[in-house]
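To start, the structure under review is shown below, and the notes come after it.
The values are calculated or read from the model by the stated rules, or taken from the named source; none is laboratory data. Note that this is a predicted model, so its numbers are computed, not measured. Don't worry about glycine lacking a Cβ; one is built from the backbone with ideal geometry, like all the others, and counts go over all protein chains shown. In case anyone asks, the SASA skips ligands and DNA or RNA and just uses the protein heavy atoms, side chains included. Shrake-Rupley method; radii C 1.70, N 1.55, O 1.52, S 1.80 Å.
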Amino acid sequence: MCVSIEPCRMQQASSAVLAQSTECMMHTIGRKPDMHGGQPGCKQWCACPDMHGETRKYRKQEKFMKENLKKLAKYYKPYLGTFILDMILAMMSAAVALVIPLVVRFITSKVAYMSANEALSRIMIIVGVLFVLVLIQWGCNYYISNYGHVMGAKIEYDMRAEIFNHYQKLSYSFYDDQKVGQLLSRITSDLFDITELLHHGPENITISLIKIIGALCILSSIDLRLTIAAFVLIPFMLVFAYVLNKRMKRAFKRNRVRIGEINAQIEDNLSGIRVVKSFANEDIECEKFKKGNDLFLESKRDSYHYMGMYNAGLTAFTTMINVIVIAAGGIGIAKGWVNITDFVTFLLYINIFTEPVKVLIDFTEQFQNGYSGYERFLEILSVEPEIADKPDAKELTDVKGAITFENVSFRYKDGVDEVLSGVNLSVRPGEYVALAGPSGVGKTTLCSLIPRFYEVTGGSIKIDGTDIKDVTLKSLRDHIGVVQQDVYLFMGTIKENIRYGKPDATDEEVIQAAKLANAHDFIMSFENGYDTDIGQRGVKLSGGQKQRLSIARVFLKNPPILIFDEATSALDNESEQIVQESLEKLAKNRTTFVIAHRLTTIENAEEILMLTDEGIKERGTHEELMKLDGEYARMVKIHSRT
């Protein structure tokens, strides 16, 4: 709340702050007290200290940028030898460019006044030296363009591997809130711009600085007055570049976000293209895409506005430098303190000086692209996995399959209400447990807590008496097999997808798993059998076929604990019967949790848990719950009518 203590603070401030506050105080004259009972012009009083807040904010951003650039520089470490040689050769290439105007000056000031034979002899020597320098420059530029780019590609390789590995560590809850297109953008276009900056940035800065500093030193030795004239606009150019630079950075960062949003929209559309076509909603999708594309164009237009001002401004500055030098040189020639040779040399060096300025213009755009991409890269790397191994976590071995829930509670990260509260449950090794209940009561959530896809917010879950938080995630999930309603198959062959359950499995083991899942016959009906390509997400297979491959994958994994998450709910009756037979075969002698959509599939369960919004409302066998005539019995009667 803004109250009258602000003037007291102002009295205690330094004279500089008081001076800045005077204008604010003047605006308050004649104003009525505000509705909150504060001093007149309260908003003006509060705004003055914000100047210092903005300064602190800017300094903080500057500090973060320095820290981020230090982190970015660490990616050079494995390739330090290549990087150093690249910089040395860049300096040599720049130095060769500085020699040419000096040669022109020597010829016009010395050789031109020699005898014809002596002049010819000197020119031949000069041409020979220049030829050698051109060869050196060619070699330098070849190394920079070839090995320098390879170094950039290797850094991109390292960074892509780093962010991809980090993606694999992040928890379910992270992906619940993310768009795939945004994540793809960070691992593709962002990384390309980052590595372009890492390769070309230092190289362009080195070459430009060598040329600018070299030209300054040589020009100063020729004529100090003309040098001052040439460089008089530089401070103004730097201030102009600094102001526009900050605005471009914000604009380019918005571009990154918009590109990610478009990628997400395209990925979403292409993944659901069959749904789009089934509803004949192509026009609606095009309209949705147009809105995102319009926003992207708007942000691009904004960034190009600043870039246009930046490029046009700096080009105007470089042209004005030439104009000032021509004017000063003309005056100098007229008054006799500049000779023609020095004036020509000066103009040649001005061109060498303005060329690196243009390179720095391009570098600024490159820096904004690369650095804004790196900030987005760091945003992902800074996300810590919500679920990770304890430092002293041990391997889970010799699993029998006894599972206990002890007063377990859970709520989603952004949720207000608990999805599960005070759940107590004990499951014996090899027991077949079914979960029934209406949608949204937490059946899938309860099962997702066992492999720690989500972390319990209260209580504990134990396997064979060991808290699952005390064991490594890999060993825990190695002992759990999940068959879901929404089957995900990877691009590749049938064999590769089954082998995903056990990467080192032999062909014989893959075939045996397929036979157990009732999949072998339909696989062999294809021309290429197990080597049949199934397309993206298995689009060439029916729902029942995809489900049987996912079951074969779990057969191959051979875990002691199984979770069937409505694995047959989307299938027709014939496919359901085949898949149900495969599931029952798989569940034999394993601790099994079945989330049921069709209640007929769980009538033979050893225990059925009836979940409601109040938690586990009823438990028992099918017969026991029907006799109880409670929630479960009512649900069965409703299903039998339909």
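For residue 390, list the lysines whose Cα falls under 28 Å from its own Cα; do not include residues on the same chain fewer than 8 positions away.
Straight-line reach from residue 390, under 28 Å: 71, 169, 400, 413, 443, 462, 469, 474, 502, 557.
Taking N as the number of residues in the stretch 380-419, what value does Rg over Cα atoms divided by 2.2 N^0.38 Å take?
Scaled against compact globular proteins, the figure is 1.71.
Hey, can you find the accessible area per residue of the stretch 347-480 for me, probe 1.4 Å, expressed in square angstrom?
Solvent-accessible surface per residue comes out at 43 Å².
Could you rank 553, 376 by how accessible they are, 1.4 Å probe, largest area first?
Largest accessible area first, the list is 553, 376.
Which value, in Å², gives the accessible area per residue of the stretch 81-201 when a 1.4 Å probe is used on the protein heavy atoms?
Result: 54 Å² of accessible area for each residue.
Ratio of alpha-carbon Rg to the 2.2 N^0.38 Å globular estimate for the stretch 382-496, to two decimals, please.
Ratio of Cα Rg to 2.2 N^0.38 Å: 1.16.
Divide, for the stretch 109-248, the radius of gyration over alpha carbons by 2.2 N^0.38 Å, where N is the residue count.
So the Cα radius of gyration is 1.75 times the expected 2.2 N^0.38 Å.
How large is Rg over Rh for the chain, taking Rg from the Cα atoms and Rh as the Kirkwood inverse mean of 1/r across Cα pairs?
Expressed as Rg/Rh, it is 1.13.
What list of ³J(HN,Hα) values in whole Hz, one per residue of the stretch 482-490 in order, does the Karplus curve 6.51 cos²θ - 1.76 cosθ + 1.60 (θ = phi - 60°) give from phi, with Gly and Pro shown as x?
The phi angles translate into 10, 10, 9, 5, 8, 6, 10, 10, 7 Hz.
On average, how much accessible surface per residue is there in the stretch 524-638, in Å², for a 1.4 Å probe, leaving out ligands, DNA and RNA?
Result: 48 Å² of accessible area for each residue.
Could you check how much of the accessible area of the stretch 442-593 is carbon and sulfur, as a whole percent, using a 1.4 Å probe?
The nonpolar share, carbon plus sulfur, comes to 45 percent.
Could you order peptides 627-635, 181-189 by the average number of other Cβ atoms within 10 Å of their residues, highest first?
Going from most to least packed, we get 181-189, 627-635.
Please compute the contact order of the chain in relative form: average sequence separation of alpha-carbon pairs under 8 Å and at least six residues apart, divided by the residue count, as a percent.
Relative contact order, the chain: 12 percent.
Any chance you could run the full-extension gain for residue 216 through residue 347? It's 0.36 nm times the residue separation minus the Cα-Cα distance, nm to one decimal.
Using 0.36 nm per residue and subtracting the Cα-Cα distance, I get 45.9 nm.
What FRET efficiency do you get for residue 280 and residue 488 if R0 is 30 Å and r is their Cβ-Cβ distance, rounded to the nearest 0.05?
Given R0 = 30 Å and the Cβ-Cβ separation, E is 0.65.
Among all the lysines, which ones have a C-alpha under 23 Å from residue 540's C-alpha, if same-chain residues fewer than 8 places away are not counted?
Qualifying lysines at Cα under 23 Å: 277, 495, 515.
Probe radius 1.4 Å, ligands and nucleic acids ignored: give me the carbon and sulfur share of the accessible area of the stretch 278-418 as a rounded percent.
Of all accessible area on the stretch 278-418, carbon and sulfur atoms account for 58 percent.
Leaving out ligands, DNA and RNA, what percent of the accessible area of the stretch 145-203 is carbon and sulfur, probe 1.4 Å?
59 percent
Take the alpha carbon gyration tensor of the stretch 492-534, find the square roots of its eigenvalues, order them as a ≥ b ≥ c, and report rounded if a/c is under 1.5; if not, report prolate when a/b exceeds b/c, else oblate.
Note, shape of the stretch 492-534 comes out oblate.
Can you say what percent of the DSSP beta bridges in the chain, counting only those with both residues inside, are antiparallel? Round to 5.
Looking only at bridges with both residues in the chain, the antiparallel portion is about 50 percent.
Could you please tell me the mean projected area of the C-alpha convex hull for the stretch 328-457, averaged over all directions and given in square nanometres to one decimal?
Quarter of the Cα hull surface area: 18.3 nm².
Near residue 358, which lysines are there with a Cα under 22 Å away, not counting those fewer than 8 places off in the same chain?
Result set, ordered by chain and number: 211, 246, 249, 300.
Whole percent per 5 Å bin, from 0 to the bin with the longest distance: what is P(r) over all C-alpha pairs of the stretch 228-353?
Bin by bin from 0 Å, the calculated values are 2, 9, 13, 11, 9, 8, 8, 7, 6, 6, 5, 5, 4, 3, 2, 1, 0, 0.
If you put +1 on each Lys and Arg Cβ and -1 on each Asp and Glu Cβ, how big is the dipole of the chain around its Cα centre, in Debye rounded to 20?
2680 debye
How much FRET efficiency would the formula 1/(1 + (r/R0)^6) give for residue 142 and residue 107, where r is the Cβ-Cβ distance and R0 is 22 Å, rounded to 0.05?
0.15
Considering only protein heavy atoms, with the full assembly of protein chains and a 1.4 angstrom probe, order 470, 613, 190, 565 by accessible area, largest first.
613, 470, 565, 190
Tell me, rounded to the nearest percent, the portion of alpha carbon pairs in the stretch 419-461 spaced more than 17 Å apart.
It works out to 34 percent of all Cα pairs.
Hydropathy first: keep DSSP H helices in the chain averaging at least -0.5 on Kyte-Doolittle, then drop any whose Cα extent along the axis falls short of 24 Å, and list what survives.
Long hydrophobic helices here: 80-109, 116-169, 189-222, 234-271, 282-335, 340-381.
From Cα coordinates alone, what are the radius of gyration and Dmax values for the stretch 467-581 in angstrom?
Radius of gyration, then largest Cα-Cα span, for the stretch 467-581: 14.1, 49 Å.
Considering only C-alpha atoms, what is the centroid distance from the stretch 587-605 to the stretch 443-474, in Å?
A separation of 20 Å, based on Cα centres.
What's the Kirkwood radius of the stretch 338-410 in Å, using all Cα pairs?
19.7 Å
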